[in-house]
1. Please give me the summed charge of the neighbours of Glu134: other residues whose Cβ is under 15 Å from its Cβ, Lys and Arg +1, Asp and Glu -1.
2. Evaluate E = 1/(1 + (r/R0)^6) for Ile164 and Asp500, where r is the Cβ-Cβ distance and R0 equals 51 Å; express this FRET efficiency to the nearest 0.05.
3. Once semi-axes √(5λ) of the Cα gyration tensor in Å is worked out from the coordinates, which option in (1) 79, 30, 23; (2) 46, 29, 19; (3) 57, 27, 24 does it equal?
4. Where does the chain land at 222 nm, in deg cm²/dmol rounded to the nearest 500, when only DSSP H runs of n ≥ 4 count, each adding -39500 (n - 2.57), divided by all residues?
5. Counting pairs of alpha carbon atoms under 8 Å apart in space and at least six apart in sequence, what relative contact order in percent does the chain give?
6. If you take the charge dipole of the range 85-198 about its Cα centre, with +1 on Lys and Arg Cβ and -1 on Asp and Glu Cβ, which of Gly137, Ser148, Thr172 is farthest toward its positive end?
7. In terms of Cα to Cα distance under 25 Å, which lysines are near enough to Lys237, apart from those fewer than 8 places away along the same chain?
8. Helix 260-270: angle to the longest alpha-carbon principal axis of the chain, degrees 0 to 90, nearest 10?
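Quick note: the coordinates plus some simple rules give every number you see, no bench work behind them. What you are looking at is a predicted structure, and each value in this text was computed from that prediction instead of being measured. Neighbour counts run over all protein chains shown; Cβ positions are idealised from the backbone, glycine included.
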Amino acid sequence: VEMLERYLQYSAYVAAVKEYQARASSVWYLRWLDDDAPQLDQFKVTVSEQHEPHAILPAISAELANYLGKNLDHMPGLVLRPGQNRDYPYGSAASHVIGYLNRVPAGDKPDPTDPDDKLKRYLPNDLIGKGGVEALGEALLRGQRGRSVRRLADDTIVETKDAIPGEDVRLTIDIDLQKRIEDRFAHPLTLDEKPDPNPMYGGAVVIDIPTGQIRALVSYPTYDLNAFNQIYAKLVKDGINRPLMNRATQFAMVPGSTIKPMVGIAGLAEGVISPFEGIECTGYLVLNGRRYLDGKCWTAARSSNPAHHAVPWAAPHRGTHGNPDGFLTFAEALERSCNVYFETVADRLGRDRLSPWLRRFGLGKPVGIGLTEAAGCLPDEYQGPVSLRRQTNWSAGIGQGHVNATPLQMANAAATIARDGLWIRPTLTTSAVTIDASGPDRYQLPAQASFFAQAKEGMMAVVNNAAGTGHVLQRNKGGIVVAGKTGTAQAGQFSTPRRDVSGKLVRVDGRVQRDFLEPSTSTRVNPAAPWYRASGKDDKDLDHAWFIGFAPADHPQIAFAVFVEYGGSGGAVAGSIAREILDAAIDAGYLGPQNH
């Protein structure tokens, strides 16, 4: 209140000085009449806030209000007033999307939309949106304070300006769909589809394909916004679980095999492969007659004779379009997730043609929905030894190494494939919020529709054919045919920066030291990080799990991406979450016969 009084006093003083200087410049002798110059003390004001009660504890419970009301006689000066405050009926659902409010730091702050309007200025202790849509929609949500000026002599109101209430900002998020997906992260299923007692961490995104509106933007773990102020300090210090990070938009991770549809479309568009050309898979990458051990196909780990994709035994590869057995076309390579095929395509493209195509799909740059996003990285940004650039490009062709993407980017890439190459910037609100995003809001990728048709054929086979890895999505409650792609992305050990007893980072030779956690296994759970899991044979693999796709396959309505941190095989844990997305979308009416 004291700062507000000083602010108003000084504002009146500055206005008087300007008026005095204007008169003095026109009547020269007034410059010598120093007694007429305005003095700061002449403008002392009494603000109404000096005589009004102030909230020291907002949003108290009904029980506390009743207790205080019964005991007001014993608490001189205490006043109970009704007020308004944020209430979050869904608790922790969509907390990263919604954001939160915080107080403006000491000192007033101009309103960015109109810096000169004093009624729009942020005064000390005003609330301002921080993160999420609270920040994105701040200009609409805040409104503008009013003003009443009274004459001290008789308390007559001489000037009034009504306050302008803030506007609503409406989200495209379906909160029930959002909550169901979050609940599946909190209560995942095991490989044999039994309840898993430990949560899994990650992100998931659901996009309405015709409009680009985001129906779910999930990050888990989350937190209860109703208790945010009380738990904020704890959330900030939690370096293991990192609950404040939005894993849907801020976690750029290696996408694994989910990148393969984009790589194949790029190869077709650039003419380095023909539509039904077969590329032989012998289990290892072979270029110009040389065999590279680093380019081993994933089937080599499951078969003593991985050549020609004899796995699974019930559905070995048989050549089509005039190709011999083991010579895979683009769609067949997607179905079997053949590393050799896509490493070969990436090598033919080179990083200077592969990376621009991945950018066209929206990778390597923020999507631009108005929330904080990670851009990710692409192979042409690699700055390591020149001798490793070619190998780096192979790895990028199968979603490993120097290529990172967020679940939001991957969901929108799936939507772009479903639309036959039409990229649309996803939207999070239906209100007129201002978003700082570069580039057009929509554009058509320069590739033939037939190339996208082959990608769709392969993605349908991933889910619906015996050789695919996404069978879990066949069992949705509506019997809807789904097109998808699984991804198992190699991950590094999880570690946290080491801190001393005072909380400062520990450095040796300028480098921050790190503490590595022990992963949970099939027989042992690390209570500090039950979500950090090893998988594979003998629990020695560390993999992130991905699943992207769209449905219905023949008339796409929704696209999705699921990322599970240290989730193992993409078709298992990520697949169970993807199936929950489909079931929830069917229940909500986004999928079903009426959508065909």
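1. Numbers: positive: Arg86, Arg103, Lys130, Arg142, Arg170; negative: Asp87, Asp126, Glu138, Glu167, Asp168.
With Lys, Arg at +1 and Asp, Glu at -1, the net is 0.
2. Details: r = 51 Å, r/R0 = 0.99.
So the FRET efficiency works out to roughly 0.50.
3. Answer label, from the structure shown: (3).
4. Details: 15 runs with 160 residues, N = 596.
Per the formula, -8000 deg cm²/dmol.
5. Details: 1173 pairs, mean separation 80.8, N = 596.
With pairs under 8 Å counted, the relative contact order is 14 percent.
6. Value: Ser148.
7. Lys130, Lys504
8. Between helix and principal axis, roughly 80 degrees.
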